[in-house]
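One structure is given here, and the rest of the page talks about it.
The values are calculated or read from the model by the stated rules, or taken from the named source; none is laboratory data. Computed from a predicted structure; not experimentally measured. Every residue, glycine as well, gets a Cβ built from its backbone with ideal geometry; the counts of neighbours run over all protein chains shown. Ligands, DNA and RNA are stripped out before the accessible areas are found, and what is left, the full protein with its side chains, is counted by its heavy atoms. Shrake-Rupley method; radii C 1.70, N 1.55, O 1.52, S 1.80 Å.
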Amino acid sequence: MEGSKLKEYLSGLPIGPLRYFESVGSTNDLAKDWIEVGAPHFSLVVADEQTAGRGRNGRRWFTPPGSSLAFSLVLHLEQLGDFAVSRLSGLGALGVCTALQDAYSLEACIKWPNDVLVNGGKLAGVLVETAWSGERPKSAILGIGINVAPESVPPDIDLGFPATSVENAVGKPVERWTLLREVLLKLVLWLEEINSPIFLQAWEDNLAYQNKMVRLSQHGQEVYKGHLLGLDSSGAIRLQGAAGIVMTFQAGGLQLRAVDSI
Ligand code: BT5
């Protein structure tokens, strides 16, 4: 039922085939399995519920049924340009952020590298994984989770950062398949620009904490503290630390926090 409704909502979009599941471990795993047997570029896996949804570095991503968006897009790397691989988490975050801005009038922003925030709360996360063919990366899996209804927000005890949902922010019910359509439309548009300076500028313009003091940490240990200057061409973050030294960091397992919110 939901599957055929979803097909209707997504009809006419320039994307590949769709697979919809009531409940899965992780949509990224199903996308990976599908790649093994020839998933075309822009194939889409959508699930109502994930029982083993994951974030970066083995962290968990909460996707209870009936309240969230959880989906994975298959992108074949030979179809993308030179810069694309390092910009894909930016693509996911920018797609969600600009869909929320343009279709729902929300003041959404991106907490580098992969979170979308509204009113200081995280309502979406992006997980990019790679499928290999022998020694070479062949495809990317762009996994996106969005909290739509308030029930999708995990209990505080599970969180290292405040969370919210699209409905909390909008103040009324939001049809999740309409939101998915809006996000996919943005992803298609931004993917066309992914190798251009326009993309990088948009990603940078939408960053949270610009010119603010932020802290990067890994496994709870501070790695660097400085003013957030922006991004380099690969999407690495540039911070100006004490004594004016500018350092650049790739996302890896790093977590970013505004210093005054710790
Ligand atoms: C992320 O990781 O934010 C990436 C999340 C990607 C989820 C999608 S859903 C479709 C696809 N299939 C998957 O299995 N994954 C992708 P990270 O930055 O590591 O954040 C994870 C942290 O966010 C957790 O440790 C929790 O503290 C918090 N968290 C978990 N679920 C959340 C939720 N629903 N809303 C807000 N925060 C959450």
Residues of the stretch 24-67 being more than 17 Å from the chain's Cα centre (by Cα) and at positive phi, which ones?
-> G38, G66
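Given A93, A103, A108, which one is more than 9 Å from the ligand (Cβ to nearest atom), closer than 21 Å to N168 by Cβ and under 12 Å from the mean Cα position of the chain (by Cα)?
Values: A103 fails: under 12 Å from the mean Cα position of the chain (by Cα); A108 fails: under 12 Å from the mean Cα position of the chain (by Cα).
Testing whether each residue is more than 9 Å from the ligand (Cβ to nearest atom), closer than 21 Å to N168 by Cβ and under 12 Å from the mean Cα position of the chain (by Cα) leaves just A93.
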Would you be able to say whether some residue in the stretch 146-153 is open to solvent by 50 Å² or more (accessible area, probe 1.4 Å) and either acidic (D, E) or away from the ligand (no atom under 13 Å from the Cβ) (or both)?
-> yes
Residues of the stretch 27-82 being open to solvent by less than 50 Å² (accessible area, probe 1.4 Å), over 20 Å from E167 (Cα atoms) and part of a loop (DSSP other than H, G, I, E, B), which ones?
-> A39, H41, F42, S43, G53, G55, L80, G81
Do we find a residue being within 23 Å of G55 (Cβ to Cβ), surrounded by fewer than 17 Cβ atoms within 10 Å (Cβ to Cβ) and without any contact (Cβ under 8 Å) to a residue 40 or more places away in the chain anywhere in the stretch 196-218?
-> yes
Checking I141 against (1) out of contact with any helix residue (DSSP H, G or I) (no Cβ under 8 Å at 6 or more places or on another chain); (2) within 12 Å of the ligand (Cβ to nearest atom), which single condition isn't satisfied?
-> (1)
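Is at least one residue of the stretch 167-183 among the hydrophobic types (A, V, I, L, M, F, W, C) and open to solvent by 60 Å² or more (accessible area, probe 1.4 Å)?
Of the residues in the stretch 167-183, the ones among the hydrophobic types (A, V, I, L, M, F, W, C) are 169-170, 174, 177, 179-180, 183.
From the residues that got through so far, the ones that are open to solvent by 60 Å² or more (accessible area, probe 1.4 Å) too are none.
Within the stretch 167-183 (the criterion being among the hydrophobic types (A, V, I, L, M, F, W, C) and open to solvent by 60 Å² or more (accessible area, probe 1.4 Å)), the answer is no, since none of the residues qualifies.
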